[in-house]
Structure formats: C-alpha cells, structure tokens
Amino acid sequence: MIRNEIAKLLREITGKEARIEHPADAGHGDYSTNIAMEAKLDAKEIARKIEDNPMFEKVEVAGPGFINFFLTKEFLLDTITQILRQKEKYGGAEQGKTLVIDYSAPNIAKPFGIGHLRSTIIGQALYNIYEFLGWQCIGDNHLGDWGTQFGELIYQLKKDKLKDKAGKEKNKILEDLTIEELEKLYVKFHEEAEKTPKMGEEARSWFKKLEKGDKEAKEIWQACVDLSLKEFDRIYKLLAIKIDCALGESFYQGMLKKVIDEAIKKKIATKSQGALIIKYPQEKLPPAMILKSDGATTYLTRDLATIKYRLKKWKPDLILYEVGAEQYLHFKQLFWAVELLRWAKREKFFHVAHGLIRFKEGKLSTRKGRTIHLEEVLKEAIKRARKIIEQSETGRGLSKEEKEKVGEAVGIGAVKYNDLSQHYSGDIIFDWDKILNLKGNSGPYLQYTFARCQSVLRKAEYKVKDEKIKSIDLNKEEEDILRIIYEFPEVIEEAAKNFSPNLICNFIFGLAQRYNLFYTLHPIIKAETPELKVFRLALTAAIAQVLKNALSLLGISAPEKM
Ligand code: ARG
C-alpha cells in the first residue's frame, strides 16, 4: 500500500510518524504531509531526500512547509495491472489477528424487528471486512434467550393458553404457537400487571424456576426458542447472513455463579439492599447490578460470563459489539467491570453503537404500539425493485426468472446499502425513493454501474489478460479514475480501523460516478486506436473488479445483468 510506503520513507528520514493525506485539490498532488511543520524540520531537505524515488513524478514543497507527492503515470497505470492480477483479492491483506464480533442478537419470542436490522447488516459487513484483511473472525449471535421476560411469558402463556392442559394437547398448543401470539401475550402481561402487581412476583418466580431447570418452565421456554429460530432463519436467508455460532444468553447459565463468586472475592461486587452491585471507582458511572435481590441474574452478569468464555476460547485481539446506541451505558459498565476483574483491558472491546432507523411518513411508518416487522420491509423492497427492473430498458433482456432473482438482489442490496452508506452512529431515514434511486448514492446505482461494465466487457468479448498497460495519453476522465482507484486498499483499512463500512460506500460511489462520466464521454469498443481500446477495456474490467470486491464486503450481490 502506497501510503504505508510513504510513511516508511518519512519515518526513515524524520524518525516520526507522519500524517499523510489526500489533498482535496488535485493541484497539491496525490498525497501531502505536514510532518515538516509538526516536527520543526526543513521541508525542502526532506523533499530532496525523497524526490528520486521512482514512485513520484515530483515531490514539491508548498505553503508554510507542506510536502506534496505526485505519483507517476506509470504507477497509476500499474494499479490497473495489479487489480486485474489480484482479482477478488485486490484490497485484502494478511494480518493474522482474531476478532470476535457480536451482532444481530434478536430476542426470542419477539418478531425480528427493524431494530435488529442495522446490527445484522453492519455486523456482517464488519465481519467481511476484517476477514478480507486476514483476521480470523468469529461471528456470534448473542440471542436474547434468557431473562426475567421469560418468566412473564411463561406466566401469561399458562394463564391464557395452556391453563390446565397436559400431555399431547399441551404439546400441540406449544407447537402451533406463532411469534405474533407470543408478542401479544407479552404486551397483555404488561397491561394487566400494571393493575395487578402480584403478577410481577409470579412471573419472577417462573423465571427463577426456569433458572433452576424446572421441567415445565424449560419445556415452554424451548418451544418459544425453536419457534423464534425458525423465523430468524428465514430472515437470515433473505439477507444472506451467515453467523458462525449462536450461543445466546442461555448458554452461559452454568458459568454465572463462578463469575459472581469471583466478583465478590475480588471485592468488586458489594451487597446493596439484598442485591449485588458493582460500584465503579474510576469513572462517574452508576453502579451495575449483577444479582437481583430475588437471586435472579441480569443481562450484565450474562455478558460478563460471555466475555470470560470468549477470551478463553478464542483469545481474540478485539471483541466488537454491534448493538444499538441505547445500550451505551451497559457496555461502558461491562468493559469497565472486565478491567476491574483484571480479565482484560477495556481497549480490547468496542461498542459499535448504531443509531435508529426512522421511517419517512408513508405506508410503513410506525403506528403507535406496533413494531415494524423486518420481513414486511424486505418483501416490500424486493417488490419495488422488481417493478423498477420490469420498467427499465436494461431489464428487457432478462428472462422472467432472471428478473425475479435480480429483483431480490437489488431490493435487498438497496436496503443494505442505505444502512451501510451512512455512518453507524447517526440515525438513518428509511425513504423508499432515495433507497431505490437509480441515479443517486444507492445500492441499485452501484449494481447498475457494475452491470454496465460487464455489458461492455461482454460485447467486446474481453478476456482479462495479464497485460502490462502501455503508457498512453490519458484524457481527463481516465486520469480522474486512475487518481483514486489505487486508494481502495487504504479505504478498506480505514473502514476496518474505524468500524465504518460507509467509507467503502463513499469510495465506490465516487469511483462509479467517475466511470459513468468517462463512459458517457468516450467510446470504449470503438476507441480511436487499438491501444486505447485495450486500455479502456482493462480500465472497465478493473472498475468492475473493485466494485465487485467492495459490494461483496458490504454483503451486496452484483448481478451481471440488470
Ligand atoms: N438481545 C439484545 C437486545 O436486543 C442485544 C444483545 C447484544 N449483545 C450483547 N452481548 N449484549 O437488546
């Protein structure tokens, strides 16, 4: 990666880590650094030592001491050769570290809501990016399958549905349950419990029974789990999500006592009104509960046990949590607790705290008291995408089957891209017109650009050859492409470092725009000379390759025709 090479050169001369940027103004070169000013060194002196390097056309000193680097045309052209050589590996690396990433994590007995969509999409993209950079990745779906809410559910189920049913009759009822019913029972419990506080107590005792392994409680709980997993699997299939394991909160049952004992022994946990809490000396953090006064464990206790397990099992360099920003405090308390317990440093963990999805007024806006079901949204996206393809010029060449398939790829891709193209921390707006806009910064626009490249290459019957590209005169549009395409590996590294797939989206959007401008202004197959034709086809193939690599990191498929 060229930026690293420049950094190395500068390190050798100055002994310091230089900040190296891409100047906004092309007149200031391809890279620029202010190291001379920062380190109070002579910029001219540094430039002189570097300018002979064959990578650079020239190295210039500008302003109060900026050093600007201009890459040679040969270097820029060589990038195309590199891309065509490395193909689907272009942009990747081999870093040999281990990442555990906790993502998706929907809750059992509740529909897969739109709220878990972001975690699922961003989590999978981060997983892909790290894997591409050579990390060993373990994706763990920390299902919400344990907690006092199951006591509430069991209580209400028994009251409304199971009554005194037993044996086969009972099994049948459990088998036929739907998620919608469970959701309703859950809502009903809370409505009624407001008036009848005694219900809360009974629910808590059911959860305690569950924690103690009571047969009936376990049976009902298992039925809810099975039913939910079936529903989640449907969604993961639609979204093409592959998570390595789904241990879930319940998996850590047997490990909780040890964690609690350790916290007591290390004097991290103290008694407070019958409960056990962790107080935080270093930070202005409110105390966190690890054991309730009725003896029930908490979400935090289970997360502590999860960390202990993950550290031992996978020895990760980094553990990421792709979870909504509303759990900010929980993760802060969790990471601090881990440090207090001396299991690991806080820096080993990071909460990728995503914002909310808001719906623009319209058909799928939230009505009061109704959660939006993700499956409905995804189906709607596919339906709309199919309609667009049906009406588009390019869609005409597709068979009915192809149209169906492409429609699914475009609909799902659009939803994913809308999420991934914005920084995770902000709220995002769900606006159908924007998401599916073929001309804007959207998934379909990028898929369309890829399909356009493929169509050119098909028409030309182009086969990627390992050709060294001859030096030719570049027009402005070609040069504009070459001056950014080599940044791809850097962008991926930045995206990983900042947990920001949106950087990859920005990059390919810019690249696609430049290519489309080039495409409109210049003939490719009918280029002025045979050398130009070869070059422009190679350029097209390189663009297609980079787009494909990027889309695959984002979890978006790239149809050949669209
Ligand atoms: N199931 C939780 C929820 O929906 C998210 C779990 C996130 N992961 C974790 N290790 N706490 O709120």
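The values are calculated or read from the model by the stated rules, or taken from the named source; none is laboratory data. None of these values were measured; they are calculated from a predicted model. FYI the Cβ positions are ideal-geometry reconstructions off the backbone, even for glycines, and counts take in every protein chain you see. All accessible areas refer to the heavy atoms of the entire protein, side chains included, with ligands and DNA or RNA removed. Shrake-Rupley method; radii C 1.70, N 1.55, O 1.52, S 1.80 Å.
Here are some notes:
- Sparsely packed GluC sites (Glu not before Pro) within the range 1-60, loop by DSSP, other Cβ within 10 Å at most 12: GLU17
- Karplus-based coupling profile of the range 447-459, in residue order and whole Hz: 5, 5, 5, 4, 4, 4, 4, 4, 5, 4, 5, 5, 4, with θ = phi - 60° in 6.51 cos²θ - 1.76 cosθ + 1.60 and x standing for Gly or Pro.
- Overall form of the chain per C-alpha gyration tensor (a/c, 1.5; a/b vs b/c): oblate
- Tilt relative to the chain, helix 167-176 - C-alpha long axis, 0 to 90 degrees, to 10: 30
- Placing R0 at 56 angstrom, the Cβ-Cβ distance between ASP52 and GLU283 gives a FRET efficiency of 0.60 after rounding to 0.05.
- Overall form of the range 383-489 per C-alpha gyration tensor (a/c, 1.5; a/b vs b/c): oblate
- Sequence-separation-based contact order of the chain, relative, with Cα cut under 8 Å and 6+ spacing, percent: 16
- Coupling constants for the range 224-234 follow from the phi torsions by the Karplus curve (6.51 cos²θ - 1.76 cosθ + 1.60, θ = phi - 60°), and in residue order they are 5, 5, 4, 4, 5, 4, 4, 5, 4, 4, 4 Hz; glycine and proline get x.
- The packing ranking, built from the mean of other Cβ atoms within 10 Å per residue, places the peptides 454-460, 351-357 in the order 351-357, 454-460, highest first.
- Amide hydrogen neighbours beyond the local backbone of LEU318, cut-off 5 Å, H modeled: THR98, VAL100
- In degrees, nearest ten, helix 148-157 long axis to first principal axis of the chain (Cα): 60
- Between the range 112-131 and the range 515-562, the C-alpha centres lie 29 angstrom from each other.
- For the range 216-295, applying the loop criterion from DSSP together with a ceiling of 12 other beta carbons within 10 Å to the GluC sites (Glu not before Pro) yields GLU283.
- Protein-only accessible surface order, largest first, of THR270, THR98 at 1.4 Å: THR270, THR98
- With Cα atoms, 0 to 90° folded angle of helix 198-212 axis to the chain main axis: 70
- The Cβ shell under 12 Å around PHE69 holds other residues with a net charge of -4, Lys and Arg each +1, Asp and Glu each -1.
- Each label point was placed 7 Å from the Cα along the Cα-to-Cβ direction; for GLU375 and GLU45 their separation is 7.0 nm.
- Seen from SER442, the other residues with C-beta closer than 13 Å to its C-beta sum to a net charge of +1, counting Lys and Arg as +1 and Asp and Glu as -1.
- Residues of the range 312-349 with amide N under 12 Å of a point placed 7 Å along Cα→Cβ from ASP244: 313-320
- Relative to the current alpha-carbon distance between GLU494 and ASP214, full extension at 0.36 nm per residue lengthens the span by 95.8 nm.
- Karplus (6.51, -1.76, 1.60) ³J(HN,Hα), θ = phi - 60°, over the range 556-562, in Hz, Gly and Pro reported as x: 10, 7, 10, x, 5, 10, 8
- Gained length - LYS267 relative to TYR328, 0.36 nm times residue gap less alpha-carbon distance: 19.5 nm
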